[in-house]
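Below is one structure, written out as structure tokens; the observations come after it.
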Amino acid sequence: MGGLILAVQAQSPDVDTVMISSQRIPQTVSESGRDILVIDGDMLQDLPVNSIDELLRYLPGVNVQSRGGFGSQGDISMRGSTFAQVLMLVDGVRINDPLTGHFNNYLPISPAEISRIEVVYGPSAALYGPDAVGGVINIITHNFEGKERTDAFGTAQLGGGQFGLLNTQIGGGVPTKIGYLNAGVQFNRATGQSIFPDSAEIKNDFNIRTASISLRKDLGDYSFSIRAASDFRLFNARYYYTTSTFDYSREQVNQFWTQGRIAKKWADGLTTLDLAYKQTKDSFLFNPDFPANLHTTRFGFAQLNHQHNISSQLKIAAGFQADLRDIVSSDRGEHSNVHFGLYATSLWSPTQALTINGSLRLDQDNNYGLEVSPQIGISYRLQPVTLRLLGGRGIRAADFTERFIASETPILSPGRNLGNPDLEAERAWSVEGGIDLNFVEGLKISSTVFYRYDNNLIDYGLVNSNDIPNNGNLQENAEYLLAQNLLAVESLGLETQAHYKKVLGDVQLDILLGNQLIQTVNPTAGATKYVSNRPRFLFSGQIIGRYKLLSLSIQHLTKIREGATADVIGAELQDQYSVWNGKVQVHLLNDKLSLYGQVYNLGNLAYQDILGAVLPQRWLLGGIMLNL
């Protein structure tokens, strides 16, 4: 069984050996001065999930507001952030989409390539630049994780279920003469459930296909890695973005992603050069009576990083980042954006117990100008207790959708989103303090108090068309959801996590529980689309248990938030919900063969994360898995 790894599960030097890469300088979590969760890539096999965003949805402190099941679309937020304030990385390279934050979780990586996932809570803009306000999620793959792999492996899964579901993935890795080859494909598709009461033939259908291939070659102190990947999604998107009665949306998204890395090991450090290119083509059909909106965005990225070990007590890293984004859109026009970043960070350990991480970054963007982002983290280890403090600044600029959506639409119906080209960049200051406890073998408990002050926060709020400049394509005296800078938002929260991992004879247990309380103060008058939907209470739990040949995994999620209604479409966002998933597996042939059955939404709950975007009710599926 793959299982879950909590990198901070132990604080003693002989156990806390998992090195994280999301801090620019390799270090253990206990040295970082922050809360970091590390997930084994095999979790996708062990838990009742069928995509990466479904895995993230049940992790402590990660709020995934899903618009459809099986990974169709999900907005990720952390610590009360907006969905655009979480930075998604693939092997340390930013993959956030320049069109919209709704696409940030479209990860063109097959499960067979994933080695681990690092979830970094709290500000990280000083290391990775804009968008890293609420946290960072870094997908680490086998061929880019910094070590040569020589073993061959393979995995295959064939599954299916109700409502025409087909769930398949195949992949593996093998050493070859030209290097280590790692590749995989995944398919999720279904005709879907009839979930719209006014039209039984409209279903939550989806067709998702992801494929990726990578190659790593090691030549002495040099290593070369390259990847090509694609992600295709076609799904019913009704009420995903609006509550308009005209909304009969369907959406198709095609992404192509390629990246490469050259790494040079030195006696006292490491230099890496990362290059990446991403192209996204989006076709959004709001209503069959109107032509689809077509968007093509391109994102080019370059990053140079050098890490140097000055002594056993002091390590430093510095680097340069540049990226170019552009869009050609039928309803947003043609625009481009250039960004540069310079950063430096250090890890200083004056004593065995004390570690101080300091970082400073300069970002220059033709959208928001020059911004400075400092950050400092302190950890003090008194076995089996670790105390930590962290503070930092973050920034985020409006994406192309927030600035220009519907600006080129001839006539826009009321209730729809409208862009604002005059948006200022978001700016946030964050502080936190936490404690990690490991008094009992196999049990790790951590707790963190955090505070963030967001200024110029971007969200959509209802505004009368008579009060909107450049309103030539709007109906007179009608209300629209206009993108705007809110005055300020304060977030105060408490996160608690407990992880227990134990082997007791033939019994294996892996339990992860998380609880989050957030108080948000929003002085802006009127309702907003996303800030007002932040959960006040978030509880997640997952249990993996195994006895001999039988294993059982259970997931649970409870949210308490502000309720809302849209009477015009008969939609209700409940002020709270609890949902359960389950999976049973029988392991045969020394775990090479497994038969499984899975239940999605065990209680058959009718619920929504986003007002109007109804999530799937009970869904039964099963299949077979091979591991070689």
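A few remarks follow.
- Using a Förster distance of 60 Å, the FRET efficiency for residue 313-residue 252 (Cβ separation, nearest 0.05): 0.65
- Theoretical FRET efficiency, 1/(1+(r/R0)^6), r = Cβ-Cβ of residue 590 and residue 200, R0 60 Å, to 0.05: 0.80
- Carbon/sulfur fraction of accessible area - the chain, other protein chains in place, 1.4 Å, %: 61
- Theoretical gain in end-to-end length, residue 275 to residue 152 [0.36 nm per residue, Cα-Cα removed]: 41.6 nm
- Surface analysis of the stretch 221-283 yields an accessible area of 41 Å² per residue, using protein heavy atoms and a 1.4 Å probe.
- Euclidean distance between Cα centres, the stretch 414-470 to the stretch 539-585, Å: 24
- Using a simple spin-label model with pseudo-atoms 7 Å out from Cα toward Cβ, residue 549 and residue 166 lie 3.1 nm apart.
- Simple spin-label estimate for residue 504 and residue 558 in nanometres, 7 Å along Cα-Cβ: 2.4
- Approximate spin-label separation residue 348-residue 431, in nm, with each point projected 7 Å along Cα-to-Cβ: 2.0
- Where the stretch 567-628 is the region considered: accessible area per residue in Å², 1.4 Å probe: 46
- Computed over the stretch 534-628, relative contact order equals 22 percent, with contacts defined as Cα pairs under 8 Å that lie 6+ residues apart.
- Computed from point charges on the beta carbon alone (+1 for Lys and Arg, -1 for Asp and Glu), the dipole magnitude for the chain about its Cα centre is near 1460 Debye.
- Förster radius 45 Å - calculated FRET efficiency between residue 620 and residue 372, Cβ distance, rounded to 0.05: 0.25
- Relative protection proxy for 266-272, 128-134, from highest mean packing down: 128-134, 266-272 (other beta-carbon atoms within 10 angstrom).
- Relative contact order, percent, the chain [alpha-carbon distance under 8 Å, six or more residues apart]: 13
- Available extension along the chain between residue 289 and residue 304 is 0.5 nm, counting 0.36 nm per residue and deducting the alpha carbon span.
- Taken as Cα centroids, the stretch 78-119 and the stretch 221-241 sit 10 Å apart, rounded to the nearest whole angstrom.
- Surface analysis of the stretch 66-200 yields an accessible area of 24 Å² per residue, using protein heavy atoms and a 1.4 Å probe.
- Normalised contact order of the stretch 110-227, rounded percent, pairs of Cα under 8 Å and 6 or more residues apart: 22
The values are calculated or read from the model by the stated rules, or taken from the named source; none is laboratory data. If you're wondering where the values come from, they're calculated on a predicted model, not measured in any experiment. Methodologically, a virtual Cβ is constructed for each residue, glycine included, from the backbone with ideal geometry; neighbour enumeration extends over all protein chains shown. To get the accessible areas, we keep the full protein, side chains included, count just its heavy atoms, and leave off ligands, DNA and RNA. Shrake-Rupley method; radii C 1.70, N 1.55, O 1.52, S 1.80 Å.
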